[in-house]
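Remarks on the structure that follows.
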Amino acid sequence: MCAKIFLTAITQPHPVPKFSLVIHIEPQQLFLLNKQCKYCPSCDLIITKKQEIEALMAAAFIQTNPKIIGII
Ligand SMILES: [Zn+2]
């Protein structure tokens, strides 16, 4: 799965902040996901595991757009 991930940080007062992730899947599909992620304030980086995001994307697209994950 080829995806560019653009992150919009919406932190909440919680030890593990939740972020709204906007994932662009080429050529023309967006996937929105609210997910708890690690955050490094000194690098201003949101850190998450690719495998976790791909599993959530596959679960969503298997119902709505199976072509995008290579099924059908
Ligand atoms: Zn860092």
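Quick one: in the range 37-70, which of the residues that are of a type in the set (D, E) and part of a helix (DSSP H, G or I) is nearest to E26 (Cα to Cα)? Across the range 37-70, the extreme among qualifying residues is E54. When T48, T8 are checked against the criterion of being modelled with pLDDT under 90 and either on the phi > 0 side of the Ramachandran plot or surrounded by 10 or more Cβ atoms within 10 Å (Cβ to Cβ) (or both), a single residue qualifies: T8.
Which residues, taken from the range 25-48, are more than 16 Å from the ligand (Cβ to nearest atom) and not hydrophobic (A, V, I, L, M, F, W, C)? E26, P27, Q28, Q29, N34, K35, Q36, listed by residue number.
The values are calculated or read from the model by the stated rules, or taken from the named source; none is laboratory data. For clarity, every value in this text was computed on a predicted model and none was experimentally measured. Every residue, glycine among them, receives a Cβ derived from its backbone with ideal geometry; neighbour counts consider all protein chains shown.
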